[in-house]
Amino acid sequence: MASEGARGPATPIADHGLIGDLRTAALVATDGTIDWFCPGRFDAPSVFASILDPDGGSWRIGPDDPEARSQQYYHPETNILVTRFMTEHGVVEVQDFMPVLRAHDPDHRQRLVRRVVGLRGSVDLTMHMAPRPDYAATDPDLSVEDGVVRFADGDLHLALSSTVDLDVAESAATARLGLATGESALFVLEVLAPGEPARGCDRSDVSALFEATAAFWRGWLAQSTYTGRWREWVDRSALTLKLLCHEPTGGIVAAPTTSLPESIGGSRNWDYRYVWVRDAAFSVYALLRLGFTDEAAEFVRFLSERLGEAADGQDDELGPLRVMYDLDGGLPHERELDHLAGYRDSRPVRVGNGAVDQLQLDVYGEIVDSVYLFDKHGRGISHDAWSDLRGIVAWLMDNWQRPDAGMWEIRSEPRTHTTSLVMSWVAVERMMRVARRRGLPGDLTELAATRDKIYERVMTECWNDELGAFTAFANSDVLDAGALLMPMVKMLAPDDPRFLSTLAAIEDRLVTDSLVLRYDPHAFGDGVTEGDGEDGDGDPVGEGTFSLCSFWYVEALTRAGRLADARLALEKMFTYANHLGQYAEQVALNGEQLGNFPQGFTHLSLISAVINLDRSLDG
């Protein structure tokens, strides 16, 4: 990589913002570097991956002044990201966006647009783009024709156009420019079909794209029904969740990144660029609560296709459904990229995810609950989908007692997880609700008998009298923050003495200054295989607090009637967000954000916690 593109230590995970076009997304660091981008779709091989390796490919636009300061913000009510640089001689900003002109646009063209605008004084800048296709496995052969830089790698064809002259050397494109007040420069990276000509860029075209994209995001956000106390936080979370939606298929990815570590230097580095049924189902709940029924309908479409495939006989010991799917409904099996150093030397870097080969029974509860909510608040479930769902739940009724990997996907021996039992109860109970409300066919007597058996097992085997709490596993003394879900899914009343006692135990052992560990890692990790091997899960002891669980805690406090405590915990959680109001998966002991970024699960739990607290505060 040429010296113009050299960077210092890895940019902190939180020092990024996200842009996207409902097909893929890119991370833009506060220094003006795009250090993660997968052209075409979320789970495609990267072309910029310097967040995972200094030589992984990047695209930087920034001032030459090494003392320049920067700030980032989103253009109001949009996903257009602005990075503003302040230097001794002036102020300049880079406006980054991926054009989205209309919903379900049949003529959509994927472009990554960077507009640089001089605001005050005069600033000298450098543009340095070093693409490294296929997760930096190859250096592309860049060529310049009519001022357009083109490169290809197999079926991947990209073209960079600009209003300034571009130079090519050492597999990188560069430009030097100086901007005074009111002046601008444009850079447009197009994703092309093989042989497709580049359309280039001009100022009027980019201005029109900017305005149309801003109008799209504002029009979408205007559908939100939330008008409460924390509207800015809810709006940003909704916009972030929308960026994780894959419009062509209806899938919702868990996060747009892979292998950002749960602990620095550790091996818990997973690929989240897939559709976790659990995460997406909870996303449907959050979006429905805000009035976004189209996204819910699209995911139910994606889910119905998976249900139909399962009903057609794609079944094995793992059950009719899998924990996750790629955007086409395939299974993303895991492999390691040994040539990448990993974020701050956190190895291995993985693509695909081994959890696809786990049994996680809780996903059936999340699936049926999302269908129940969609049937209640959305367009309603079809006959074919209901028939497929009955077959899925019939399998669950025969298998709910099996040990599994649980919702935290620990790569150790299967165990009987309380949360898996709770969500199995949810699956059966919600089937009964839908059947009764709609008059749909189903054996309510058989459903009720299974529901009651699951309930009794949770109340007897998963309750620890000595601890005064529901535990992570049957007949154990290990705590799990997943127990906070019990009143949320209506298995227990929020003022049930057993739940209040469990909440107190979780506060004592898992909560620190509103931040919540998902479990006691010293106890939960027993039996976990350390190391980087296929069956290893790494050491869980050093992991951070789970932001998802911290928002569950806010909601549990709300439902328990402790509104002042809930409000304080919520406000504290807001201080752990990044400068744009976005969250990675975890918060380390020092407050650093860790894990894949941004994580949809965290943002949907924020939305749920805020809505419930708002409603309770209003009486």
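Solvent-accessible surface of protein heavy atoms, probed at 1.4 angstrom with all chains present, puts TRP395, TRP552 in the order TRP395, TRP552, largest first.
Here LYS490 is the anchor, and the lysines within straight C-alpha reach of less than 26 Å, apart from those fewer than 8 places off in the same chain, are LYS376, LYS453. Directionally averaged projected area (region 339-396, Cα convex hull): 6.7 nm².
Using a probe of 1.4 Å, the accessible surface attributed to VAL253 totals some 0 Å² when neighbouring protein chains are kept in position.
With the gyration tensor restricted to C-alpha atoms of region 1-147, the semi-axes of the equivalent ellipsoid amount to 24, 20, 15 Å, longest first. Using bins of 5 Å that start at zero, the share of Cα-Cα pairs per bin across region 20-82 amounts to 4, 17, 22, 22, 21, 10, 4, 1, in whole %. Over every Cα atom in region 136-245, the radius of gyration and the widest Cα-Cα span, Dmax, amount to 18.8, 54 Å. Here the scattering of region 222-310 is modelled by Debye summation over its C-alpha atoms, one equal scatterer each and no solvent; at q = 0.13 Å⁻¹ the log10 of I(q)/I(0) is -0.50.
With all protein chains in place and a 1.4 Å probe, the accessible surface of the chain carries 46 percent carbon and sulfur. Surface analysis of region 560-619 yields an accessible area of 33 Å² per residue, using protein heavy atoms and a 1.4 Å probe. Distance distribution P(r), the chain, all Cα-Cα pairs, bin width 10 angstrom from 0: 3, 17, 27, 26, 16, 8, 3, 0 percent. Solvent exposure of region 392-456, expressed per residue, is 41 Å² of accessible area, with all protein chains present and a 1.4 angstrom probe.
The long axis of helix 203-221 is offset from the longest Cα principal axis of the chain by roughly 10 degrees. At 222 nm, what value in deg cm²/dmol follows for the chain if DSSP H runs of at least 4 each add -39500 (n - 2.57) and the sum is divided by all its residues, to the nearest 500? After summing the helix terms and dividing by residue count, I get -10500 deg cm²/dmol. Accessible surface for TYR285 stands near 50 Å², nearest 10, in the context of the full protein assembly shown (1.4 Å probe). Net charge of the neighbourhood of GLY251, taken over other residues with C-beta under 12 Å away and scored Lys/Arg +1, Asp/Glu -1, is -3. On a per residue basis, region 1-142 carries 33 Å² of accessible surface, using protein heavy atoms and a 1.4 Å probe. The overall shape of region 295-389, judged from the alpha-carbon gyration tensor, is prolate: a/c is not under 1.5, and a/b is greater than b/c. Computed on protein heavy atoms with a 1.4 Å probe, the accessible areas place GLU336, GLU446 in the order GLU446, GLU336, largest first. For the chain, the longest principal axis of the Cα atoms and the long axis of helix 362-377 meet at an angle of about 80 degrees.
Taking the average, over residues, of other Cβ atoms within 10 Å as the packing measure, peptides 165-174, 233-242 rank 233-242, 165-174 from highest down.
Charged neighbours of THR24, selected by a Cβ distance under 12 Å, balance to +1 (K, R count +1; D, E count -1). If you bin every alpha carbon distance in region 37-116 into 10 Å steps from zero, what whole percent lands in each bin? Here the calculated profile for region 37-116 is 15, 35, 36, 11, 1.
Just so you know, the Cα atoms of region 51-91 work out to an Rg and Dmax of 13.1, 35 Å.
The values are calculated or read from the model by the stated rules, or taken from the named source; none is laboratory data. This is a predicted model, so every value here is computed, not measured. Neighbour counts are summed over all protein chains in view; Cβ atoms, including those assigned to glycine, are modelled from backbone coordinates with ideal geometry. All accessible areas refer to the heavy atoms of the entire protein, side chains included, with ligands and DNA or RNA removed. Shrake-Rupley method; radii C 1.70, N 1.55, O 1.52, S 1.80 Å.
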